[in-house]
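These notes concern the structure reproduced below.
The values are calculated or read from the model by the stated rules, or taken from the named source; none is laboratory data. Note that this is a predicted model, so its numbers are computed, not measured. Surface areas here come from the heavy atoms of the whole protein model, side chains and all, with no ligands, DNA or RNA. Shrake-Rupley method; radii C 1.70, N 1.55, O 1.52, S 1.80 Å.
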Amino acid sequence: MKLIFLGPPGAGKGTLAVKAAEILKILQISTGSIFRSAVADGSPLGLKVKGIMDAGKLVDDETTIELVRERLAKDDVQKGYILDGFPRTIPQAQALESFSKVEKVINFDIPDSGVLERLGGRRVCRMCGYNFHAVFNKPAKEGICDHCGGEVYIREDDKPEAIQKRLEVYRTQTAPLIDYYREKGLLLDIDAKPMVDQIVINFKNALGI
Ligand code: AMP
């Protein structure tokens, strides 16, 4: 199955994507994680995107589209994938149609209050990217990932000024994709307010699996 996860930052897309990828036996592709790895490696791509990401802005369409085009050409995603964080603009969505055929778009429905609560407490593993929360989903040992032993940290763009910028970017550039995909008959809305186990159930119900 070829899926897009669409929703504001902090809606729980990354957390559900890990679980959904296991359930459906397909790969999760997170453009944000790919960019963060490039920054950590200090590669030319990383140097180019670091400042943009830290400020909560979007990387340019051309760079992002090329990255996804190359990733989706690999053998391991020919059966299916979950795109987490792509597309984020109408031009990205239009480009995607030229190289892959998405079957469903899962729209994470959550009010701003829920987003702020999640992003404010989000903690991420630097090695495997797993998401924790300072209150609702703490790692067993403070600062250490339960899954891989990596360092758990606060993303630069989860700091208050960047959160505001990311929400504004979401509203102006990404939210128009909701109507774009609804008009194409691809959109499935899921209630993303509850805790993750319930979101998994909502997701399965939406897909009828
Ligand atoms: P995320 O982990 O999905 O919240 O992404 C973190 C950051 O990576 C974003 O705030 C952007 O700076 C960048 N990014 C990720 N995906 C995209 C995309 N599809 N288009 C442009 N920038 C992106």
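With 10 Å bins beginning at zero, the pair-distance distribution over Cα atoms of segment 1-90 amounts to 16, 48, 32, 4 %. Over segment 79-154, with every protein chain in place, what whole percent of the accessible area is carbon and sulfur at 1.4 Å, could you tell me? C and S atoms contribute 51 percent here. By DSSP, the beta bridges lying fully in the chain are antiparallel in about 30 percent of cases.
On a per residue basis, segment 123-196 carries 60 Å² of accessible surface, using protein heavy atoms and a 1.4 Å probe. Within the chain, the selection of entire DSSP H helices by a Cα span of 30 Å or greater along the long axis and an average Kyte-Doolittle value of at least 0.5 returns an empty list. Seen from every direction in turn and averaged, the convex hull around the alpha carbons of segment 140-209 projects onto 7.3 nm².
Taken over segment 77-185, the alpha-carbon convex hull comes to 133 cubic angstrom per residue. Using only alpha carbons, the chain has a radius of gyration to Kirkwood radius ratio (Rg to Rh) of 0.93. Length gained on full extension, residue 55 to residue 168: 39.5 nm, using 0.36 nm per residue less the C-alpha separation.
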